[in-house]
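Accompanying notes for the structure given below.
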């Protein structure tokens, strides 16, 4: 049944199934809550959720791009990100369902935390809806990354390209031109959801590199 999948792919699809179950459980909690939605605050909360997801994608991207450790669970993901720099076009050849489940593990962790958290505390409908949105955005991170590459390499049909470019131009999804800068210098624009958090993440990357450089210079001075 799964002969066309690699072993690691099968694990990702299992995680994806768990994500679906967790989402269904959280959705049931949302529709059965007695508190009404507060629409005035909801727009701000939606923007905040999308920003946080983009921020997390950038921080994780930096971690995997620069990882040189030997943890057997991290190495495969780090190699995947680092090899992506060598052959970006390969990303465009992946099946879209495979791309969709790539962030399934961190999404599953978030879903489990939300489920446990909601079993202890009682939250508003807004908060419960934001949990659902957070899971959807987390699971969509690689899809937004994927479409940016597909447009860059012209692998999509004209209609899909026009629609996606519209959403890119209004900055709802990752912009191809912005992400291309990352593949030019490899030291900027790490965020892969919509790019909103790039200014903060770029500053963090420069600060962290400067801190490491200064520490190395201090160590050499001591020697």
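Just so it is clear, none of the values below were taken in a lab; they were calculated from the coordinates. This is a predicted model, so every value here is computed, not measured. Cβ placement follows ideal geometry from the backbone for every residue including glycine, while neighbour counts extend to all protein chains displayed.
Using alpha carbons only, how many degrees (0 to 90, rounded to 10) separate the axis of helix 198-222 from the longest principal axis of the chain? Once rounded, one gets 40 degrees.
Based on alpha-carbon positions alone, could you give the equivalent ellipsoid semi-axes of the chain from the gyration tensor, as √(5λ), descending, whole Å? In descending order the semi-axes read 30, 23, 21 Å.
Checking the a/c ratio against 1.5 first, then a/b against b/c, what shape does the Cα gyration tensor give for segment 1-92? Note, shape of segment 1-92 comes out oblate. Can you compute the label reach from residue 90? Point 7 Å from Cα along the Cβ direction, backbone N cut-off under 17 Å, restricted to segment 9-31. Correct set: 9.
The C-alpha radius of gyration of segment 62-108, expressed as a fraction of 2.2 N^0.38 Å, stands at 1.22. Axis of helix 7-31 versus longest Cα principal axis of the chain: the two differ by about 40°, to the nearest ten degrees. Over all distinct Cα-Cα pairs of segment 137-191, the Kirkwood formula returns a hydrodynamic radius of 11.5 Å.
Taking Cα atoms only, the orientation of helix 125-152 departs from the longest principal axis of the chain by about 40 degrees. Could I have the simple spin-label model distance between residue 67 and residue 20, label points 7 Å from Cα toward Cβ, reported in nm to one decimal? Here the modelled spin labels are 2.7 nm apart.
Based on C-alpha pairs under 8 angstrom that are at least 6 apart in sequence, the chain has a relative contact order of 29 percent. Only helices enter the 222 nm calculation for the chain: every DSSP H run of n ≥ 4 contributes -39,500 (n - 2.57), and dividing by all residues gives -25000 deg cm²/dmol, rounded to 500. Modelled this way, with points 7 Å down the Cα-to-C-beta line, the labels at residue 83 and residue 44 are 4.6 nm from one another. For all pairs of alpha-carbon atoms in segment 28-153, what percent lies in each bin of width 5 Å, listed from the first bin to the last filled one? Going from the shortest bin to the longest, the percentages are 2, 9, 16, 19, 18, 13, 9, 7, 5, 1, 0. Modelled spin labels at residue 27 and residue 166, positioned 7 Å past Cα toward Cβ, are 2.5 nm from each other.
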